[in-house]
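Input: a single structure, listed below in structure tokens.
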Amino acid sequence: MGTLERESAMPRTRETLDLEELVITLYAALDDALTEAGIATRDGKLVPRPGPAPDVDDREVLCLAVLQELLGFESDHGFYQWFESNACLQQLFPRRLTRPNWADRRALLTPLVERLSQAFCALDGEESPPFSSSTRIRSMSAARSEPAARNVSADWPRTAIAHP
């Protein structure tokens with residue numbers, strides 16, 4: 001069998017995820033990482049704080065915060081505008097925070113990211129997390145909001161979520 005025949009006989013891997021697949025995969029991976037890190041949610045809160053259960057579960061905010069980083073948005077405002085105009089995300093996350101509350105909750109959950117990054121590595125048996133901002137996303141609306149072109153995967157464990 002020649003080289004071309006061998007290459008064409010090999011199964012082709014998909015190099016892109018659509019946005020819905022990425023979000024669902026990310027949410028499930030975060031749930032596994034939370035379990036691996038021994039972090040439990042109580043009344044929708046991953047970080048203990050006074051008050052009633054939040055309308056939007058911390059796991060949802062955490063998933064969106066990591067998505068913000070993976071897509072390279074450098075500001076909460078830019079990500080929030082894109083999120084609000086994205087029909088797929090609105091279906092996946094029907095309960096939403098106001099923009100200022102989004103930024104506050106994302107900042108509150110920032111300390112969890114390093115622990116979760118380490119849990120990702122333990123789950124995957126790798127030295128780096130299984131996701132990177134170079135994962136290609138098919139989304140025309142994401143392109144219009146112009147997320148940052150930088151690759152943050154190399155420094156994910158230290159700064160998985162950009163500080164406002």
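The values are calculated or read from the model by the stated rules, or taken from the named source; none is laboratory data. These numbers come from a predicted model, not from an experiment. Please note: Cβ atoms are built from the backbone with ideal geometry, for glycine as well, and neighbour counts cover all protein chains shown.
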Residues that are of a type in the set (Gly, Ala, Ser) and either under 12 Å from Leu62 (Cβ atoms) or touching a residue at least 12 places away in the same chain (Cβ under 8 Å) (or both), drawn from region 30-50: Ala33, Ala37, Gly44
Condition broken by Leu89, with the remaining ones in (1) assigned to a loop (DSSP other than H, G, I, E, B); (2) at pLDDT 90 or above; (3) within 15 Å of Gln68 (Cα to Cα) satisfied: (1)
Restricting region 69-90 to residues that are acidic (Asp, Glu) and within 15 Å of the chain's Cα centre (by Cα), the residue that is surrounded by the fewest Cβ atoms within 10 Å (Cβ to Cβ): Glu74
First in region 67-90 and more than 16 Å from Glu20 (Cβ to Cβ), second anywhere and of a type in the set (A, V, I, L, M), Cβ under 6 Å, 6 or more apart: Glu69/Ala160; Glu69/Ile161; Gly72/Ala148; Glu74/Ala148; Glu74/Ala162; Asp76/Ala103
The listed residue being surrounded by fewer than 17 Cβ atoms within 10 Å (Cβ to Cβ), of a type outside the set (Gly, Ala, Ser) and at pLDDT below 85, out of Thr98, Thr135: Thr135
Output for region 92-110, where each listed residue is in contact (Cβ under 8 Å) with a residue 12 or more places away in the chain and either in a helix (DSSP H, G or I) or under 19 Å from Asp18 (Cα atoms) (or both): Leu92, Phe93, Arg99, Trp102, Ala103, Arg105, Arg106, Ala107, Leu108, Leu109, Thr110
